[in-house]
Amino acid sequence: MPASKKLTVYVVQKLSWEYGDDFYYRRPDEDAPIRSFLNRDKAEVYRRQLEWQHIQRENINPFGYVDLSLQERSSLPLPEFLQRLREAGIDTEQAIENLYSFWNQYDKLSEDNKRRVWLATDRLRFFELLEMEVELEE
């Protein structure tokens with residue numbers, strides 16, 4: 001019987017979304033692997049590149065894509081999330097009173113500041129990184 005070797009691989013996967021009513025909804029059963037890596041850091045760089053290219057190409061605004069509350073868009077505690085939005089140029093005081101203001105302000109940000117917003121809005125993603133152990137036959 002041939003010997004086998006276990007190997008850890010990092011798979012970048014495209015997450016599937018479908019539009020319904022006013023928002024997009026996740027379709028996990030249609031997620032698809034894109035590329036595998038042996039190095040986690042290289043896989044993460046690739047995932048982030050795909051993510052940002054997709055956001056730019058589709059002109060996605062993180063404040064209207066899904067039907068989530070402000071707090072559900074980030075894993076950060078709300079005060080820290082709001083601070084990061086302020087650092088990106090969003091007037092959070094005005095926006096808290098009028099949630100559509102987040103949408104409008106985001107559209108007026110520079111590309112660098114839009115990217116800062118997306119880094120803080122980490123619960124809304126279009127690609128993910130999976131760590132898998134595979135068995136290879138020698």
Hey, with R₀ at 30 Å, roughly what FRET efficiency would Glu133 and Lys14 work out to, going by the Cβ-Cβ distance, to 0.05?
0.90
Compute the Cα gyration tensor for segment 1-50, then decide on rounded, prolate or oblate, letting a ≥ b ≥ c be the square roots of its eigenvalues: rounded whenever a/c is under 1.5, prolate when a/b is larger than b/c in the other cases, and oblate in all that remain.
oblate
Setting aside same-chain residues fewer than 8 positions from Lys114, which aspartates and glutamates have a Cα under 18 Å from its Cα?
Glu51, Glu58, Glu80, Glu87, Asp91, Asp122
Extend 7 Å from the Cα of Gln49 along its Cα-to-C-beta direction; within segment 111-138, residues with backbone N under 18 Å of that point are 126-130
Segment 18-124: trypsin sites (Lys or Arg not before Pro) in DSSP coil with no more than 14 other Cβ atoms inside 10 Å:
Lys108, Arg123
Under a crude label model (7 Å from the Cα following the beta-carbon direction), how far is Asp107 from Arg40 in nanometres?
4.0 nm
Hey, what did segment 10-138 get for relative contact order, percent, Cα under 8 Å, at least 6 apart?
34 percent
Virtual spin-label span in nm between Asp31 and Arg57, 7 Å along Cα→Cβ:
2.0 nm
Just the accessible area per residue of the chain, please: how many Å² with a 1.4 Å probe?
66 Å²
Lysines near Lys5 by alpha-carbon distance under 28 Å, same-chain residues fewer than 8 away left out - which ones?
Lys14, Lys42
Counting all C-alpha pairs of the chain, share separated by more than 19 Å (%)
58 percent
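The values are calculated or read from the model by the stated rules, or taken from the named source; none is laboratory data. All figures in this text were calculated on a predicted structure; none of them were measured in a lab. Cβ coordinates were reconstructed from backbone atoms using ideal geometry, including for glycine residues, and neighbour counts include every protein chain displayed. For the accessible areas, the whole protein counts, side chains as well, though only heavy atoms, and no ligand, DNA or RNA atoms are used. Shrake-Rupley method; radii C 1.70, N 1.55, O 1.52, S 1.80 Å.
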